[in-house]
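Written out below as structure tokens is the structure these notes cover.
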Amino acid sequence: MSTAADTPPPDTEPDVEAWEKQIENLYNDCHRPVLRKATMAAAGNTQDAWDGTQHAFFQAWKHLCRAGAPPIANWQGWLIKTAVRHVLFSRRRDGTCVPLEDADHADDQILLEDHVVLKETYQGIMDAIGELSEHQRQALVLVHIAGCSTAEAAEDMNVSTSTVRNLIHQARIRLADGNGEASDD
């Protein structure tokens with residue numbers, strides 16, 4: 001008998017615990033920036049952003065479990081790209097579907113007059129936001145829509161936290177002035 005016949009076959013059992021630990025570490029390290037970028041791609045819709053983030057981490061799990069899958073050098077970038085693509089693709093789908101949470105609220109429907117007022121108010125706010133500087137808009141979106149702390153927004157924008165706070169303060173003043181509301185400051 002040869003020595004090759006005496007050696008046991010290599011362990012082909014997948015190391016599920018290692019994959020679980022790796023995906024857990026990946027989630028802890030990357031879920032906030034992935035969620036922020038997905039939220040921006042979803043125009044502030046947090047449900048779509050969470051769905052895209054969940055999809056990205058599920059795809060990462062599938063990639064880790066696939067034998068022979070090419071290694072990923074930049075997991076955060078890969079996850080962001082996957083989440084944003086999922087958000088954009090899902091937003092292109094048929095928009096005629098009604099979410100289940102709104103299905104049983106026939107008595108709570110908005111009257112046409114209320115809808116017009118809401119739409120005009122929304123359009124006025126969007127116009128005022130459009131008049132903000134790019135940095136003011138970015139700070140406002142990161143902190144108030146994506147839910148980032150000022151430190152996280154500062155890191156994303158590559159500025160100091162005091163700059164982010166100042167940009168948000170300036171944006172609030174301009175938005176209050178643009179809507180005809182007096183500022184309490």
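The values are calculated or read from the model by the stated rules, or taken from the named source; none is laboratory data. Here the structure is a predicted model, which is why all the values come from computation and not from measurement. Here the Cβ positions follow ideal geometry from the backbone for every residue, glycine too, while neighbour counts run over all protein chains shown. The protein model used for the area step is the full one, side chains on, heavy atoms only, and it has no ligands, DNA or RNA in it. Shrake-Rupley method; radii C 1.70, N 1.55, O 1.52, S 1.80 Å.
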Looking at the stretch 61-78, which of its residues are assigned to a helix (DSSP H, G or I) and closer than 23 Å to Asp156 by Cα?
Trp75, Gln76, Gly77, Trp78
Can you name every residue in the stretch 124-178 that is hydroxyl-bearing (Ser, Thr, Tyr) and either open to solvent by 60 Å² or more (accessible area, probe 1.4 Å) or over 17 Å from the mean Cα position of the chain (by Cα) (or both)?
Ser133, Ser160, Thr161, Ser162, Thr163
May I ask you to list pairs of residues, at least six apart or on different chains, whose Cβ atoms are under 8 Å apart, with the first in the stretch 120-136 being under 13 Å from Ile173 (Cα atoms) and the second being part of a helix (DSSP H, G or I) and basic (Lys, Arg)?
Ala128/Arg174; Ile129/Arg137; Glu131/Arg174; Leu132/Arg174; Gln136/Arg174
Those residues that are closer than 21 Å to Glu17 by Cα and open to solvent by 80 Å² or more (accessible area, probe 1.4 Å), I need them from the stretch 31-72; list them, please.
Gln54, Phe58, Lys62, Arg66, Ala67, Gly68, Pro70, Pro71
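Among the residues of the stretch 6-23, is there at least one that is within 19 Å of Glu152 (Cα to Cα) and modelled with pLDDT of 85 or more? Quick ask: steps written out before the conclusion?
We begin by selecting, within the stretch 6-23, every residue within 19 Å of Glu152 (Cα to Cα); these are none.
Scanning the stretch 6-23, I find no residue that is within 19 Å of Glu152 (Cα to Cα) and modelled with pLDDT of 85 or more, so the answer is no.
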Among the numbered conditions (1) over 23 Å from Thr46 (Cβ atoms); (2) modelled with pLDDT of 80 or more, tell me where Gln109 comes up short.
(2)
